[in-house]
There are 2 protein chains.
Amino acid sequence: MGVTKTEIFSDTQNEIAQLAKAFAHPARVAILHQLFKSTTCICGDLVDEIGLAQATISQHLKELKNLGLIKGNIEGTSVCYCINEEKWENMKSIFNAFFNQEIKTNNCC
Amino acid sequence: MGVTKTEIFSDTQNEIAQLAKAFAHPARVAILHQLFKSTTCICGDLVDEIGLAQATISQHLKELKNLGLIKGNIEGTSVCYCINEEKWENMKSIFNAFFNQEIKTNNCC
DNA sequence: TATATTAATCGTAATATTGCAATAAACAAA
DNA sequence: TTTGTTTATTGCAATATTACGATTAATATA
């Protein structure tokens, strides 16, 4: 109960679900938007920009980092985060394959 | 606490998050895979194919239907589900815009 | 060394999601 | 009408996620 039955799904299905979770919360989408558009991507700036508590932003950053979609670089006392281009491209190709499946026409709808 | 603060994010950010939830569970990915590859897409077949309880599949179908990504057609006692092509294309363009943002090169990482 | 500054982690509270048995609803067929 | 077939809904129980205050850790600066 309440536990996702990972074992009954294919690796691809689990990977898509795992990656999709990165985008399944607006705060993480906002963080990624910010990392795309800004050349300075210090954690503290994200806190100011987005308006959630520092602990909350830090937690979201951790999830994105765990998925490999972003990487962080320590700069003195602050940490600069960036999109991990390689993983981002990899993620894109996984979703594109999923999104661009051919739809079989069938008679029911 | 524990409530997503929808109001502090942009419409686009919330829409992406909402749509991403469709793909954030392997059962829903599996259902969509099935709807793509099969010409018969009866709910009962999905239950057999995927191996979750009928109530659980029905619930996942409802979420996909609420997002508009699939549509159902009643055929006697059974219901045939299909990808909603129009909404699927719309969803694709939203994600493509998000995925294909230009990455600003910055000096920190 | 003492004091800021910045980010990660811990602990906790609250909400959300997942899964399923049981039941209801809708319809076909006998 | 009664019975079977199929799907939706209800009502839990359990796990997962979200949020944040407080604290810790690490480093820069006075």
Checklist outcome for this item: A correct Karplus calculation of ³J(HN,Hα) over the range A:97-103, with 6.51 cos²θ - 1.76 cosθ + 1.60, θ = phi - 60°, whole Hz and x for Gly and Pro, returns 4, 6, 5, 9, 4, 6, 7
Checklist entry - What's the local net charge at A:Thr56, with K and R +1, D and E -1, over the other residues with C-beta under 12 Å away? => result +2
Checklist outcome for this item: The lysines whose Cα lies under 30 Å from the Cα of B:Lys87, excluding any fewer than 8 residues away in the same chain, are A:Lys5, A:Lys21, A:Lys37, A:Lys87, A:Lys92, A:Lys104, B:Lys5, B:Lys21, B:Lys37, B:Lys62, B:Lys65, B:Lys71
Next on the checklist: I'd like the interface area for chains B and A: accessible area of each alone minus the complex, both sides summed, 1.4 Å probe, protein heavy atoms only. What is it in Å² to the nearest 100?
Outcome noted: 4600 Å²
Checklist entry - Assigning unit charges at the beta carbon (Lys, Arg +1; Asp, Glu -1) and nothing else, what dipole magnitude in debye, to the nearest 20, does the protein assembly as shown show about its Cα centre? => result 200 debye
Item to check | Chain-alone versus full-assembly comparison, the range B:77-109, residues with accessible loss of at least 30 Å² (1.4 Å probe) | outcome: B:Cys82, B:Glu85, B:Trp88, B:Lys92, B:Phe98, B:Phe99, B:Gln101, B:Ile103, B:Lys104, B:Asn106, B:Cys108, B:Cys109
Checklist outcome for this item: Along the range A:24-30, Karplus-curve 3J(HN,Hα) (6.51, -1.76, 1.60; θ = phi - 60°) to the nearest Hz, with x for Gly and Pro, reads 8, 9, x, 5, 6, 5, 5
Item to check | Calculated diffusion of the range B:10-95, Stokes-Einstein form, Kirkwood radius summed over Cα pairs, 37 °C and 0.692 mPa s, µm²/s | outcome: 247 µm²/s
Checklist entry - How large is the charge dipole for chain A, taken about the Cα centre, if only the Cβ atoms of Lys, Arg (+1) and Asp, Glu (-1) carry charge, to the nearest 20 debye? => result 220 debye
Item to check | Nitroxide proxy distance, nm - points 7 Å out along Cα→Cβ at A:Lys37 and B:Gln101 | outcome: 0.8 nm
Item to check | B:Tyr81 long-range amide H proximity, modeled H, under 5 Å | outcome: B:Cys41, B:Ile42, B:Cys43, B:Asn73
Next on the checklist: Can you give me the convex hull volume of the Cα atoms of the range B:51-109, divided per residue and expressed in Å³?
Outcome noted: 130 Å³
Checklist outcome for this item: Net charge near A:Asn100 (other residues with Cβ under 15 Å of its Cβ; Lys, Arg +1; Asp, Glu -1) is +1
Checklist entry - Solvent-accessible area per residue for the range A:9-97 at a 1.4 Å probe radius, Å²? => result 46 Å²
Checklist entry - On average, how much area does the Cα convex hull of the protein assembly as shown cover when viewed from any direction, in nm²? => result 13.0 nm²
Item to check | Pseudo-label separations to other copies for B:Phe36 - Cα-to-Cβ vector, 7 Å, nm | outcome: 2.2
Checklist entry - Once phi is turned into ³J(HN,Hα) by the Karplus curve 6.51 cos²θ - 1.76 cosθ + 1.60 with θ = phi - 60°, what whole-Hz value does each residue of the range A:46-59 show in order, with x for glycine and proline? => result 4, 4, 4, 5, 8, x, 10, 5, 4, 4, 5, 4, 4, 5
Checklist entry - If we hang a label 7 Å off Cα along the beta carbon direction at A:Glu86, how far is it from the matching labels on the other copies, in nm, shortest first? => result 4.4
Next on the checklist: Could you tell me which residue out of B:Phe99, A:Ile8, B:Thr12 lies farthest along the dipole of the protein assembly as shown toward its positive end? Charges go on the beta carbon: Lys and Arg +1, Asp and Glu -1, centred on the Cα centre.
Outcome noted: A:Ile8
Item to check | 10 Å Cβ neighbours from other chains, averaged over peptide A:8-19 | outcome: 5
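The values are calculated or read from the model by the stated rules, or taken from the named source; none is laboratory data. No experiment lies behind these values; they were computed from the predicted model shown. Note that each Cβ is placed from the backbone with ideal geometry, even for glycine, and that neighbours are counted across all protein chains shown. Areas reflect the complete protein model, heavy atoms only, side chains present, ligands, DNA and RNA absent. Shrake-Rupley method; radii C 1.70, N 1.55, O 1.52, S 1.80 Å.
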